[in-house]
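Contents: one structure, followed by commentary.
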Amino acid sequence: KSILSTSNSNKTKSNNNTSTNKKNTKLMVRNVPFEATRKEILQLFGSFGTLKKVKLPKKFNGSHRGFAFVEFLTAQEAANAMSSLGSTHLYGRHLVLEWAEQDDKTNDVDTLRGKAKRDIMSSSSGGLNLDGPRQNKKIRFT
């Protein structure tokens, strides 16, 4: 049984925001078979250019979640992989490729701290009391 196969059908899914695709170097790969390893993903996508990062998010039990993020060094390499691997099957499963959103600001620690602070301050019910000492509520059993 073949691990990797391609079909000649032109049923590739195109994303609506093509203007951002020219700068994007990150692909999201869905429908990744659970028996596929990170090494196999590296080999498959590495043939289209230099890989900057490959992530396979994992479950609590250690297996991956069935999707991956592949980031290339240049946008042209990512575009080549997107067009060439659009109809690829890995272990009999059709790989679905989409452009991933760029996360320039989401990993910034100061941005995350600001979001957390806003969330705490905006929660009106059940939020933390940051203004003064903590008051214990009296519980009466009748």
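Might you let me know whether the stretch 95-113 holds any residue that is over 19 Å from the mean Cα position of the chain (by Cα), buried (at least 16 other Cβ atoms within 10 Å of the Cβ), assigned to a strand (DSSP E or B) and not hydroxyl-bearing (Ser, Thr, Tyr)? No, there is no match, as no residue in the stretch 95-113 is over 19 Å from the mean Cα position of the chain (by Cα), buried (at least 16 other Cβ atoms within 10 Å of the Cβ), assigned to a strand (DSSP E or B) and not hydroxyl-bearing (Ser, Thr, Tyr). Can you spot a residue in the stretch 44-57 that is touching a His at 6+ places or on another chain (Cβ under 7 Å) and either at pLDDT below 95 or not hydroxyl-bearing (Ser, Thr, Tyr) (or both)? There is at least one residue in the stretch 44-57 that is touching a His at 6+ places or on another chain (Cβ under 7 Å) and either at pLDDT below 95 or not hydroxyl-bearing (Ser, Thr, Tyr) (or both). Looking across the stretch 53-73, the residues that are under 14 Å from residue 28 (Cα atoms) and open to solvent by 90 Å² or more (accessible area, probe 1.4 Å) come down to 53, 55, 65. If you scan the stretch 21-49, which residues turn out to be over 20 Å from residue 93 (Cα atoms) and in contact with a Phe, Trp or Tyr (Cβ under 7 Å, 6 or more places away or on another chain)? 21, 24, 25, 26, 49, listed by residue number. Remark: pairs (first residue in the stretch 42-63, on the phi > 0 side of the Ramachandran plot and basic (Lys, Arg); second residue assigned to a loop (DSSP other than H, G, I, E, B) and modelled with pLDDT of 95 or more; Cβ separation under 9 Å; 6+ apart in sequence or on different chains) are absent. Each residue in the stretch 16-33 was checked for being at pLDDT below 95 and open to solvent by 60 Å² or more (accessible area, probe 1.4 Å), and 7 of them qualify.
The values are calculated or read from the model by the stated rules, or taken from the named source; none is laboratory data. What you are looking at is a predicted structure, and each value in this text was computed from that prediction instead of being measured. All Cβ positions, glycine included, derive from the backbone under ideal geometry; neighbour counts span all protein chains shown. Surface areas here come from the heavy atoms of the whole protein model, side chains and all, with no ligands, DNA or RNA. Shrake-Rupley method; radii C 1.70, N 1.55, O 1.52, S 1.80 Å.
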